Amino acid sequence: MLALVLTACGGGGDSNLENGGGDDGVVGLSQHGSTNSHNDSRRGTNCMDCHTSGPGTGVFVTAGTAIGATDVEYYADSARTDLRGSLEVDAYGNFYTVTAIDILTPDTNGFSQGAYVTVVMPGGTTRDMPGIVSHTTAGCNDCHSVAGSRSPL
């Protein structure tokens, strides 16, 4: 099956209004080197608080902060052989997309298949999240933060 690789563009909001960064990417998809996301007190908090029905630009499908990582990958299987999406981590350590990832898209009953997440570090080393996330839990910083139940990414 063809994997949806979401690595072509960058940006997470109107950089001139939201964070003072450069205008170096497309709003709604993180990109290596992009500075369109937040580099202030919002970094590391649950992105979905503002980027679903709040004041943030765009409705994110998944988002979070993974300082020091290069990419975040979304697999359909626990063996991590069926890649369905890959997001680049931007210059501020954030990753996000407004583009649908099939395994995080709810069906007519409101359920999604869910994704097995892998964080890719420089040099290609990886950190696999042992559990699965669904469309309702794809705001990674909700759990992975100083205030969350898991350590920050």
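On full extension of the chain, what length is gained from His32 through Ile67, given 0.36 nm per residue of separation minus the C-alpha to C-alpha distance?
11.4 nm
Ordered by residue, what ³J(HN,Hα) values in Hz, to whole numbers, does the range 46-61 give under the Karplus form 6.51 cos²θ - 1.76 cosθ + 1.60, where θ = phi - 60° and Gly and Pro are x?
Once θ is set to phi - 60°, the couplings for the range 46-61 become 5, 4, 5, 4, 9, 9, 10, 10, x, x, x, 6, x, 9, 6, 7 Hz.
Can you give the charge dipole size of the range 15-142 about its Cα centre, rounded to the nearest 20 debye, using +1 on the beta carbon of Lys and Arg and -1 on the beta carbon of Asp and Glu?
Here the size comes out at about 180 debye.
Tell me the label-point distance for the pair Ser134, Ala100, using the 7 Å Cα-to-Cβ offset, in nm and rounded to one decimal.
Spacing of the two 7 Å Cα→Cβ label points: 1.8 nm.
Find how much the distance from Arg127 to Asn39 grows on full extension, using 0.36 nm per residue of separation minus their present alpha carbon separation; answer in nm with one decimal. Could the numbers behind the result be given before it?
Working: separation 88, 0.36 × 88 = 31.68 nm, distance 2.37 nm.
Separation in residues times 0.36 nm, less the Cα-Cα distance, equals 29.3 nm.
If amide H atoms are built 1.01 Å from N in the plane of the peptide, which residues on other chains or at least 5 residues away come under 5 Å of the amide H of Ser37?
Here the answer is Gly12, since their amide H atoms fall under 5 Å of that of Ser37.
Quick check on packing: order 38-46, 104-112, 127-135, 83-91 by the mean number of other C-beta atoms within 10 Å, highest mean leading.
83-91, 38-46, 127-135, 104-112
Place a +1 charge on the Cβ of each Lys and Arg in the range 51-92 and a -1 charge on the Cβ of each Asp and Glu, then give the dipole magnitude about the Cα centre in debye, rounded to the nearest 20. List each step's numbers first, then the result.
Working: 2 positive and 6 negative charges, 26 e Å.
Using only the charged Cβ atoms, the result is roughly 120 debye.
Can you give me the long-range amide H partners of Asp71? Hydrogens built in the peptide plane at 1.01 Å from N, cutoff under 5 Å, separation of 5 or more residues or another chain.
It is Val89, Val120, by chain and number.
Out of the DSSP beta bridges found with both residues in the range 15-142, what percent are antiparallel (nearest 5)?
95
Taking the Cβ-Cβ separation of Ser78 and Thr108 as r and a Förster radius of 35 Å, what is the calculated FRET efficiency to the nearest 0.05?
My answer for the efficiency is 0.85.
Each reported figure results from applying straightforward, stated rules to the coordinates on display, with no laboratory input. Everything numeric here is computed off the predicted structure, so don't read it as measured data. With ideal geometry, Cβ positions are generated from the backbone for all residues, glycine too; neighbour counts draw on all protein chains shown.
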